[in-house]
1. Just to be sure, is residue 55 surrounded by 21 or more Cβ atoms within 10 Å (Cβ to Cβ) and within 27 Å of the chain's Cα centre (by Cα)?
2. Checking the condition assigned to a helix (DSSP H, G or I) and over 30 Å from residue 601 (Cβ atoms), which residue from 363, 390 passes?
3. On the given criteria, is residue 605 surrounded by fewer than 18 Cβ atoms within 10 Å (Cβ to Cβ) and closer than 19 Å to residue 655 by Cβ?
4. Just to be sure I understand the filter: pairs with C-beta atoms under 6 Å, separated by 6 or more residues or on different chains, first member in the stretch 64-84 and closer than 10 Å to residue 128 by Cβ, second member part of a loop (DSSP other than H, G, I, E, B). Which pairs pass?
5. Please tell me if residue 345 is under 22 Å from residue 618 (Cα atoms) and more than 21 Å from the chain's Cα centre (by Cα).
6. Could you list, in sequence order, all residues of the stretch 590-605 that are at pLDDT 85 or above and in a strand (DSSP E or B)?
7. Could you pull out the residue among 14, 51 that is touching a helix residue (DSSP H, G or I) at 6+ places or on another chain (Cβ under 9 Å), modelled with pLDDT under 85 and in the same structural domain as residue 97 (by TED's automatic domain parsing)?
8. Taking the stated definitions as given, is residue 617 in a loop (DSSP other than H, G, I, E, B), outside the structural domain of residue 514 (by TED's automatic domain parsing) and at positive phi?
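The values are calculated or read from the model by the stated rules, or taken from the named source; none is laboratory data. Only a predicted model underlies this, so the values are computations on that prediction, with no experimental measurement involved. FYI the Cβ positions are ideal-geometry reconstructions off the backbone, even for glycines, and counts take in every protein chain you see.
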């Protein structure tokens, strides 16, 4: 593994650890903390510091060391985790994140600016350290100084077999020990060394007994090994005077050098007081997981897409020849490719809970800035969607959450006067529906002011005076560029900048956004997105010589169409079904066949029909983006190459629903 790969691993793990630190700190502020959580915060800081040292990042190591020192006092209950300290540590997390990102791209780094940002934070951290030191000194005077150790320590170390693969080097640990004192002797245990033919060059088989002369206490020595605690067996023992200690070490080492006789049983980290035993099951689970560069997954998805196109072509050729064996082989191949497609897409599916968890910090910071008491309630964290969608939806969701907190949630006194709890609630929920993922942002605030939005829309000429317009259409006005009804401009919102960008970004993901609001009750914003942007199961339909693809997940049924040119809806088993003719919608021309079909589409609570000439069946569809020339064409979300080499257009169902807008009420099933 080259240094670039190691650096990418370090960056990814550091970002994950910082997220864990933030999550645990926010839990502590809500009173949900535990000793394990405090230990996790400390370990995260210590791991980042240790990894930073491997890559020679002095600013990161130095700053994180001070943070770690404060956390160590919290862990030892010498310092309480107050709200003020939590706030400081959260800001420190931000600075550590900036230092990590600087390591990712040093060309854009400004060491002077970063050092200036660190100074006030370090000063505040030192205040906590000095305050604690004063308390410790006073306690030592009152209770008397503890008895000093002899100054010699016997350290028995056995790294696990896979430790080297994670970059844990015994030589680096020994060098770190030398910073505490003098390493008098090192003896190696080779009793677990296998036969030459069985050697794994990346595995560790050696154990070490180290005699260290140092005035450091046990805690300082343990700190050297903190980074590898879960990857080794470790014993640290204070031993007698130098000559006796050397004799003891020599005797034990001689005993261990006998063939197939290991060192005396070494207690695991669990035997050390105050330390949790490493979970073997968790270690095994980690060993079964690997990090893969997202670009490699993208490349694999692209290849699977090309494979699907090739299989479609093979299947078409087999049908033309009519050869039974070739048809059977093509069918088997198509089934295998379907399995490969499903497996490949599953590799890119991630739980949205990771994105939702980041909003705890957003809500915490924005609530403080606004002076409001707001809680975030999250549901549906296990809902999965494509990683590329997750990466692109973060910013729009952030804007919607901030907007809900600023405009939706009322001040505490207003809420109490209205009979509501003083604490407001913002909710994030995700669930699957009709082959899509729906993300809902809710708040229990005052709701949108319909009259004010309508007045502003009339003032700007967005709607004609006297026109009857539904609540949904009125609320949708807030997504118009520059639209704002805020009475005052804040640092968060009020300038009419952002909501139009939110909608544009969601639309770029082939998604839709809807608003439902009730005065005095609250607002719900529903964002509907496709599960993946790469490959879908599609239902092909023909109109004239053109082929269109409808996402199979939204197809409810297909029925024979009996035209009634006097209306734009049909009676389908007692229910009203509005429809759209694809021939007329895209001005395809040509002669309408004697028999047509209608494809019944359902998305969420909305239902309508597509009138087509022919039904061509189900096919795996590789989504190809439209060029910029066709980006503004309504009703089309992409294209796909058929087995024949022809191009099929993929229908944008949400856009078609909007084009049926006059019959919006009839669309509700």
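1. no
2. 363
3. Considered against the rule, which asks whether it is surrounded by fewer than 18 Cβ atoms within 10 Å (Cβ to Cβ) and closer than 19 Å to residue 655 by Cβ, residue 605 comes out as yes.
4. Matching pairs, first to second residue: 73/79; 74/81.
5. No; evaluated as a whole, the condition is false for this residue.
6. Passing the criteria: 596, 597, 598, 599, 600, 601, 602.
7. Sole residue among the options that is touching a helix residue (DSSP H, G or I) at 6+ places or on another chain (Cβ under 9 Å), modelled with pLDDT under 85 and in the same structural domain as residue 97 (by TED's automatic domain parsing): 51.
8. no
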